[in-house]
1. I'd like to know if region 159-167 contains one or more residues that are among the charged types (D, E, K, R), over 25 Å from the mean Cα position of the chain (by Cα) and within 20 Å of Val214 (Cα to Cα).
2. Within region 141-149, can one find any residue that is within 25 Å of the chain's Cα centre (by Cα) and farther than 24 Å from Cys207 by Cβ?
3. Do any helices (runs of 4 or more DSSP H) entirely within region 141-252 hold 3 or more residues that are within 28 Å of Thr402 (Cβ to Cβ) and either of a type in the set (Val, Ile, Thr) or touching a residue at least 60 places away in the same chain (Cβ under 8 Å) (or both), and if so, which?
4. Could you give me the residue pairs with C-beta distances under 7 Å whose first residue belongs to region 83-96 and is buried (at least 21 other Cβ atoms within 10 Å of the Cβ), whose second residue is assigned to a helix (DSSP H, G or I) and β-branched (Val, Ile, Thr) wherever it lies, and which are 6+ apart or on separate chains?
5. Just to check your reading of the model, which residue among Leu135, Leu114 is in contact (Cβ under 8 Å) with a residue 24 or more places away in the chain, over 26 Å from the mean Cα position of the chain (by Cα) and not in a strand (DSSP E or B)?
6. Condition first: assigned to a loop (DSSP other than H, G, I, E, B), at pLDDT 65 or above and surrounded by 18 or more Cβ atoms within 10 Å (Cβ to Cβ). Now tell me which residues in region 312-339 satisfy that.
7. If we keep just the residues of region 394-429 that are of a type in the set (Ser, Thr, Tyr) and surrounded by 18 or more Cβ atoms within 10 Å (Cβ to Cβ), which is farthest from Asp229 (Cα to Cα)?
8. Across region 294-311, what is the total count of residues that are hydroxyl-bearing (Ser, Thr, Tyr) and part of a loop (DSSP other than H, G, I, E, B)?
Amino acid sequence: MEQMERYKRLIKFGAAAVILFVEIGLYYLLWTHYYNRVITMPFWRRGNWFMTGLYGTMLFVFHNLYGGLKIGFFRKNNIIYSQFLAILATNVFGYLLLALVERHWYVPLPFVILTAVDMALVFFWASIFQWTYNLLFPPRQLLLIYGKRSVAHVLEKMNSRDDKYVLTAAIRIDEGIERIMQEVPKYGGVIIGDLGSHDRNLIFKRCYEMDKRVYMIPKISDVLIRSSDELKLFDTVLLLSRNDGLQVDQLFCKRVLDILSAGALLILSLPLFLLFAIAIRLEDRGPVFYKQCRLTKDGKTFDILKFRTMRVNAEADGVARLAAQADDRITRVGKVLRATRLDELPQVLNILKGDMSMVGPRPERPEIAAEYKKEIPEFDYRLKVKAGLTGYAQIYGVYNTTPYDKLKLDLIYIRNYSIFLDLKLIFMTPKILFMKEKTEGVADGQVTAVQQTGDLSGELKF
């Protein structure tokens, strides 16, 4: 495997180039042999190349956005799903572009056929190249180096990608750096858990000397350092960490984007509002909407608006809790709304009002946030910006992501904020709507997403 590592980038590039070439080629055939012959003013050679190049550019952008070319990174089903979203979005924009150029609505059937043919080829392509990749690059054997903090959630996450990683063994930092470094050469890489900075730095440097790959679980300070600016004022390296939140121009642009995007979403979703309202009322005659106190920027509270997905008086005992994986409080209509996250739609009204933003950290309930702060005093760092309907933690995390990991994801967003990042996350949101792991509740018996801690000796099983 080590000998093949140098060819990994080339193989990934070749796989991406093949499917892009095929998809762009099919569009070129559709354009030159059909649409260019029926439009009012046909294009000549360079015009055809221009239209094909424009289509190819859009396709490449959407593939990068949804991850459709990440062979070896995502699982095959995720690759196919990402490809489908990219192809669908590109073909929709391609059809709208045609209508804009011609000022005429043509029958979209050829684009529908193109999409179907593309998807059939994508399934074949993803199967072949994923099988080839797994054959050439088998799962990497890893050694976990851990300290006092629980690593149960790390084991669970790594084991979910047994096609890519295999946690073969674990060793505690108490056994000493020298003992650990004697074990490192036996594995394809190491995972450094939440260790003290001194021990972590020693291991990191020694692994660098040995050409060993390192997967490091970052601390909150690591996230802040990564997003610092490098100052080149003189020959001593300085890192500047600006800790004052968003600037006035960024706040203005963000608010404009909120109004435009939330307004457009409200108009487009009005039929869904009516449909869901009728379904909820017919099921149990209860109220359609549900209000709940949530936290936003600077710790301010507001009433978030959602479609009701639980039975009336679901928290009659007065205990605030997240939804469990098999929660009997959820109604039949609520299961559908939660599975697709469409219960969040009424929050466009919160955004237009100014309580929330389209993109930002998910607003937590004050009671649950208070529980998280007992374990993680820095949890309020995510309140540097307004809460959001979608966001970095929502895209890259799941419903039951640990609060510590959620905080780090939100800090990555806050520290790297730009209007382009907001647009990227908005366009990525449709991808997660039908991904089951994004809506799974916490384990039965848990009130919050805090991992249950205990004796580490029982959680390291290989």
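1. The answer is no, given that none of the residues of region 159-167 is among the charged types (D, E, K, R), over 25 Å from the mean Cα position of the chain (by Cα) and within 20 Å of Val214 (Cα to Cα).
2. Scanning region 141-149 turns up no residue that is within 25 Å of the chain's Cα centre (by Cα) and farther than 24 Å from Cys207 by Cβ.
3. Filter on region 141-252 gives 152-159, 220-226.
4. Cβ pairs passing all conditions: Gln83/Val122; Ile87/Thr115; Asn91/Thr115.
5. Just one listed residue meets the conditions, Leu114.
6. Ala314, Asp327, Thr331 - these are the residues of region 312-339 that are assigned to a loop (DSSP other than H, G, I, E, B), at pLDDT 65 or above and surrounded by 18 or more Cβ atoms within 10 Å (Cβ to Cβ).
7. Tyr399
8. The number of residues fulfilling the criteria is 2.
The values are calculated or read from the model by the stated rules, or taken from the named source; none is laboratory data. Quick caveat, the model's predicted, so the values are computed rather than measured. Don't worry about glycine lacking a Cβ; one is built from the backbone with ideal geometry, like all the others, and counts go over all protein chains shown.
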